Amino acid sequence: MKYDVIIIGAGPGGIFSAYELMKRRPGWKIGVFEGGTELEKRHCPIDGDKIKSCIRCKSCSIMSGFGGAGAFSDGKYNITNDFGGTLYAHIGRKKALELMRYVDQINLDHGGEGTKLYSTAGTDFKKICIQNKLRLLDASVRHLGTDINYIVLSNLYDEMKDHIDFHFNTLVDSIELLQKEEADVEPAESSSAAFAESAEASSETSRCHNSRCDTSRYRIHFEGGAADARYCIVSAGRSGSKWMEKVCRDLEIPTKSNRVDIGVRVELPAVVFSHLTDELYESKIVYRTEKFEDSVRTFCMNPNGIVVNENTNGIVTVNGHSFEDPSKKTENTNFALLVSKHFSEPFKDSNGYGESIARLSNMLGGGVIVQRFGDLARGRRSNPARISECTVQPTLQATPGDLSLVLPKRILDGIIEMIYALDKIAPGTANNDTLLYGVEVKFYNMEVSLDENLETNHPGLYVIGDGSGVTHSLSHASASGVYVAEIISEPSR
Ligand SMILES: Cc1cc2nc3c(=O)[nH]c(=O)nc-3n(C[C@H](O)[C@H](O)[C@H](O)COP(=O)(O)OP(=O)(O)OC[C@H]3O[C@@H](n4cnc5c(N)ncnc54)[C@H](O)[C@@H]3O)c2cc1C
């Protein structure tokens, strides 16, 4: 198998790279290699009846397959440099926003038309937040909803499938450098010098378009085969984080450790937050705790949504969804409250720290633990009886328990403080029956050392999306995919 471009991973990063390359370079041969399945074959076996909790499938349908981790997500595309990643640090703020808007337009053209774009511009909540020691971050958010997000992905796939080779159920094992001498170029000069030389040496027609020439630089290996290409774009996302670390070790690509966010998912009656969610849909609110001056933030708000399990590398954590379809809406709203932990020398394994805490909750609860806020504040566990009497009906079947046995005191204190702060702008947040699910962990991939083209120290090898540690969201991951496609398809390359 010979390709002009190989893309590893069919999440938003990989999809938007493939889509943009197809548009810009219709003659190129592009292969997408994805460990999971096609979109329509992605089914999580949890049915709440026979299978109540995660059975740890070989390939998790929630995280893997066409659409990546974003396939069953709420489809909130946040158009902002304020959160969702640091793509702007590589490509500039203006370019990053331009690409996020471009991605938004592609989504609209593929089934997202008619969905609402919310914005914090001009909202009174900014002032109300500041008056209560909270800060509302700036953003525009396109809310596709889980159902429309699925339709957009289906339409994108239909448009691409006859032009691009999709290899599903193909977990890439390793990436091999075929032209070592080029790869040995110093990182600082990599993209400019090495590429300038190779571009001079080959004319536009003699490059490996349609795989006719012999300039493959990369060979990927997978069970039962291998494939070669001149360019390799890695978009392995969060589920590919461990594998990405191995690739970086094997190819001597520098990395640095990143952060981990730990907290809980809050579920309460939708009316408590409706004044905020009706106007802004998703509000990112940050609070600095009195006690430790840690930042606690709201994350992934799902008005009238459901709480779901998430499986990352076999560890069950919690997340949330919501739907555009009125028939699927619930009476609850959920959102995460997260505290960021950064570590410095000698400890580097921030994800390992998050995993250990999540494992502890899995050990005590067999999965996710749920607790009433009133029980947590009184220092007692929630039991099945107290949960069943609760005025908030849980949307996820989780084990009633005690989150104070799982979360470190500093993190738990920060979350409790924030709940009381939110109660001032959304009275009812600190009610006894507010449900807290734990733990929610937002793992970040270690950050791969990339230049302004998102290229590694190996010319032609790009890392995009959440797998790069640069992005942590649908819009940033997708924008990074378009960006690299633009770079690669430049005639001078
Ligand atoms: C439940 C849930 C809800 C979310 N909601 C939102 C939201 O509303 N808004 C938002 O901005 N973000 C949301 N996110 C985060 C968002 O989904 C991610 O930021 C985004 O999907 C990252 O895109 P990506 O392409 O970088 O990686 P991913 O989407 O993780 O895709 C990576 C793909 O690579 C594949 N892969 C990994 N390793 C290999 C390998 N070795 N070989 C072959 N294939 C491999 C995986 O199977 C996967 O399909 C949510 C995430 C989850 C889990």
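Among the residues that make up the stretch 470-487, is at least one of them away from the ligand (no atom under 16 Å from the Cβ) and out of contact with any Gly (no Cβ under 9 Å at 6 or more places or on another chain)?
yes
Given the stretch 313-400, what helices (runs of 4 or more DSSP H) lie entirely inside it while holding 3 or more residues that are at pLDDT below 90, within 23 Å of the chain's Cα centre (by Cα) and not hydrophobic (A, V, I, L, M, F, W, C)?
The qualifying helices (runs of 4 or more DSSP H) are 350-365.
Any residue in the stretch 374-382 that is of a type in the set (Ser, Thr, Tyr), closer than 21 Å to residue 433 by Cα and within 14 Å of the ligand (Cβ to nearest atom)?
no
Just give me the residues in the stretch 257-299 being modelled with pLDDT under 95 and farther than 18 Å from residue 129 by Cα, in sequence order.
Correct list: 257, 258, 259, 260, 261, 291, 292.
Within the stretch 64-84, can you find the residues that are more than 8 Å from the ligand (Cβ to nearest atom) and not in a loop (DSSP other than H, G, I, E, B)?
Matches in the stretch 64-84: 79 only.
In this structure, does residue 442 turn out to be touching a residue at least 24 places away in the same chain (Cβ under 8 Å), among the basic types (Lys, Arg) and within 16 Å of the ligand (Cβ to nearest atom)?
Yes; evaluated as a whole, the condition is true for this residue.
Would you say residue 428 is over 22 Å from residue 10 (Cα atoms), crowded, with 24+ Cβ neighbours inside 10 Å and small (Gly, Ala, Ser)?
For residue 428, the condition - over 22 Å from residue 10 (Cα atoms), crowded, with 24+ Cβ neighbours inside 10 Å and small (Gly, Ala, Ser) - is not met.
Might you let me know whether the stretch 434-454 holds any residue that is assigned to a loop (DSSP other than H, G, I, E, B), out of contact with any helix residue (DSSP H, G or I) (no Cβ under 7 Å at 6 or more places or on another chain), at pLDDT 95 or above and among the acidic types (Asp, Glu)?
No, every residue in the stretch 434-454 fails to be assigned to a loop (DSSP other than H, G, I, E, B), out of contact with any helix residue (DSSP H, G or I) (no Cβ under 7 Å at 6 or more places or on another chain), at pLDDT 95 or above and among the acidic types (Asp, Glu).
Given the residues 62, 15, which is the only one that is under 19 Å from the mean Cα position of the chain (by Cα) and modelled with pLDDT under 90?
Among 62, 15, only 62 is under 19 Å from the mean Cα position of the chain (by Cα) and modelled with pLDDT under 90.
Restricted to the stretch 276-314, and to residues that are without any contact (Cβ under 8 Å) to a residue 40 or more places away in the chain and buried (at least 21 other Cβ atoms within 10 Å of the Cβ), which residue is farthest from the ligand (Cβ to nearest atom)?
Residue satisfying both the conditions and the ranking: 303.
Yes or no: residue 106 among the β-branched types (Val, Ile, Thr), in contact (Cβ under 8 Å) with a residue 60 or more places away in the chain and closer than 21 Å to residue 283 by Cα?
No: the conditions fail for residue 106.
Any residue in the stretch 326-338 that's farther than 10 Å from residue 305 by Cβ: show its pairings with residues that are among the aromatic types (Phe, Trp, Tyr) at Cβ separation under 8 Å, as long as the two are six or more apart or on different chains.
So the pair list comes out as 336/299; 337/299; 338/299.
The values are calculated or read from the model by the stated rules, or taken from the named source; none is laboratory data. Computed from a predicted structure; not experimentally measured. Neighbour counts run over all protein chains shown; Cβ positions are idealised from the backbone, glycine included.
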